[in-house]
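K.L.:
Please find one structure pasted underneath; my questions will follow.
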2 protein chains.
Amino acid sequence: MNKHLHPIFDRFLQRADRERRLRQHSKVLWLTGLSGSGKSTIAQHLERRLYNEGYYPQALDGDNIRSGINNNLDFTDEGRRENIRRIAELSKLYVNSGIITINSFISPTTAIRQLAREIIGQDDFVEIYINAPLEVCEARDVKGLYKKARAGEIQGFTGVDAPYEPPEKPALEIRTDRQDLNDSVRVIFEFIEPIIKYRKS
Amino acid sequence: MNKHLHPIFDRFLQRADRERRLRQHSKVLWLTGLSGSGKSTIAQHLERRLYNEGYYPQALDGDNIRSGINNNLDFTDEGRRENIRRIAELSKLYVNSGIITINSFISPTTAIRQLAREIIGQDDFVEIYINAPLEVCEARDVKGLYKKARAGEIQGFTGVDAPYEPPEKPALEIRTDRQDLNDSVRVIFEFIEPIIKYRKS
């Protein structure tokens, strides 16, 4: 398989080598928004779309993070901050591995998203605001969490008794109450393709 | 670019899709051994070799882990256990992303390696013992850590005042005092290639 005549131990593997192999530029697509705004659903469909178009993405969300590497964190302020810090560090590893990550986390405050941006680095951090009015998200209530929060069974739930601070200048905003899933995924794909499309040979 | 006529939202992306795209079966190569045994050097060269042969690997070691996702852990027993737990969870994410990880961590006890094996899963965990006698590792002392440990400037240093429990049944053992770097890398490569070589179409 190896047809290289040059010494194999030329130099250590760099991100540029990985991006050349995968024919893409790696980025972290950071989807922020209320519970029920549609982040994870969009992320999963975007992941499939990117893969089908020849890219190599990885979606990260509560399902594969809170159940694994972050399974020892609580929902206090400090626990939430550490949750996002680890996710950002993990995303940085992935982006250095040449992979496009699609992160779906409420990440409710400007400060917590700023932390993620600083860890990942401005150039690799693409903030996408998945926006639907609270009433819409609450009416959807896919996981029944708003109901529990209103009943006082969950404390500190974003949008109910904890604030959500909308991004001031997101790279992109998607209104999921105004367009359907297919359109949302298409708009994000068309926005990011020029950014991730491989340009060097 | 997309020539697919089938609906793109057929199903969510699976590990099998990723392995097919990368033409490899993903595994975690877990290199254990004393400080100075040669783990990280072997890992970096093995990473380059695998890449040159068409595989897609990622080396994980203290340089990219302790400085990032695990930068808030100390060297107490609890800190070391959490260090390995997070590394194992991270490796599990990578292996589910279709990537071969090459992990270089002393991971000195049977219990701590068993924890990693359980998190990653028996089928994906390939234990490789990078073995050189303590005297050899201490004579190399690349980072000057043995000297500091002997002087009492570092406590709990594996091999000096903390135990190293050799793996009882490693998948592979490499004696770095008996063979050079090129041979060590070649032997590991030849051992793992049948395991990672893509077999399904």
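K.L.:
Taking the Cβ of each residue in B:Y164, A:Y146 as the centre, tally the other Cβ atoms inside 10 Å and list the residues starting with the fewest.
P.N.:
B:Y164, A:Y146
K.L.:
Amide H of A:H25: which non-local residues (sequence gap of 5 or more, or other chain) have their own amide H closer than 5 Å, using H built in the peptide plane?
P.N.:
Under 5 Å from the amide H of A:H25: A:K197, A:Y198.
K.L.:
Which of A:E190, A:E127, A:E47 ends up with the largest GNM mean-square fluctuation for chain A, with Cα atoms connected below 10 Å?
P.N.:
A:E190
K.L.:
Sorted from shortest, what are the nm distances separating the label point of B:R178 from equivalent points in the other copies, each placed 7 Å from Cα along Cα to C-beta?
P.N.:
List, nearest first: 7.1 nm.
K.L.:
Follow-up question, since we're still on this one. Report ³J(HN,Hα) in whole Hz for each residue of the range A:48-59, in order, from the Karplus equation J = 6.51 cos²θ - 1.76 cosθ + 1.60 where θ = phi - 60°; Gly and Pro get x.
P.N.:
In residue order, the calculated couplings are 5, 4, 4, 4, 5, 8, x, 8, 10, x, 9, 7 Hz.
K.L.:
Amide H neighbours of A:Q58 under 5 Å, at least 5 residues apart or on other chains, H built in the peptide plane: list them.
P.N.:
Excluding prolines and chain starts, which carry no amide H, the hits are A:I100, A:T101, A:I102.
K.L.:
Here's a follow-up. Determine the calculated [θ] at 222 nm for chain A from helices alone, applying -39500 (n - 2.57) to every DSSP H run no shorter than 4 residues and normalising by the residue count; nearest 500 deg cm²/dmol.
P.N.:
Mean residue ellipticity, 222 nm, calculated: -13000 deg cm²/dmol.
K.L.:
When each copy gets a label point 7 Å from Cα toward the beta-carbon at A:N72, what are the spacings between them in nm, shortest first?
P.N.:
Copy-to-copy label distances at A:N72, shortest first: 1.2 nm.
K.L.:
Hey, another quick one. Taking each residue of A:82-94 in turn, how many C-beta atoms of other protein chains fall within 10 Å of its C-beta, and what is the average?
P.N.:
4
K.L.:
Right, next: Hey, if you put +1 on the Cβ of every Lys and Arg and -1 on every Asp and Glu Cβ in chain A, which of A:F157, A:T109, A:L31 ends up farthest toward the positive end of that dipole?
P.N.:
Most positive-ward Cα: A:L31.
K.L.:
Then there's this: Could you pull out which residues in the range B:108-138 have an amide N less than 19 Å from a spot 7 Å beyond the Cα of B:D77, following the Cα-Cβ vector?
P.N.:
B:108-116
K.L.:
Each residue of the range A:105-116 in order: what ³J(HN,Hα) in whole Hz does its phi give by Karplus 6.51 cos²θ - 1.76 cosθ + 1.60, θ = phi - 60°, with x for Gly and Pro?
P.N.:
9, 3, 5, x, 10, 4, 5, 6, 6, 5, 4, 4
K.L.:
Counting other beta carbons within 10 Å of each Cβ, put B:S67, B:S97, B:S40 in order, fewest first.
P.N.:
Result, fewest neighbours first: B:S67, B:S40, B:S97.
K.L.:
Points 7 angstrom from Cα along the Cβ direction at A:T41 and A:F12: gap in nanometres?
P.N.:
According to this spin-label approximation, the distance is 4.4 nm.
K.L.:
Cut-off under 19 Å on the C-alpha distance; same-chain residues fewer than 8 positions from B:K197 excluded. Which aspartates and glutamates are left, in chain and number order?
P.N.:
Here the aspartates and glutamates satisfying the reach criterion relative to B:K197 are B:D17, B:E19, B:E47, B:E53, B:D123, B:D124, B:E127.
K.L.:
While we're looking at this one, here's another question. Expressed as a whole percent, how much of the Cα-Cα distance distribution for the range B:77-201 exceeds 27 Å?
P.N.:
26
K.L.:
Take the rotation relating chain B to chain A, measure from its axis to every Cβ in chain B, and name the nearest residue with the distance in whole Å.
P.N.:
Whole-Å result, nearest residue of chain B to the axis: B:L90, 3.
K.L.:
Same structure, new question: Hey, got the average number of other protein chain Cβ atoms within 10 angstrom for residues in A:99-106?
P.N.:
Shielding by partners across A:99-106 averages 1.
K.L.:
If we hang a label 7 Å off Cα along the beta carbon direction at A:A139, how far is it from the matching labels on the other copies, in nm, shortest first?
P.N.:
Its label point is 7.8 nm from the equivalent points in the other copies.
K.L.:
Provide the per-residue ³J(HN,Hα) series for the range B:25-38, in order, calculated from phi with Karplus coefficients 6.51, -1.76, 1.60 and θ = phi - 60°, each as a whole number of Hz, with x at glycine and proline positions.
P.N.:
3J(HN,Hα) across the range B:25-38, in whole Hz: 9, 7, 9, 9, 8, 9, 8, 10, x, 4, 4, x, 6, x.
Every number in this text was worked out from the coordinates using simple rules, so none of it is lab data. Treat the numbers as computed from the prediction; the structure is a model and nothing was measured. Ideal geometry is used to build each Cβ from the backbone, glycine not excepted, and the neighbour counts take in all protein chains shown.
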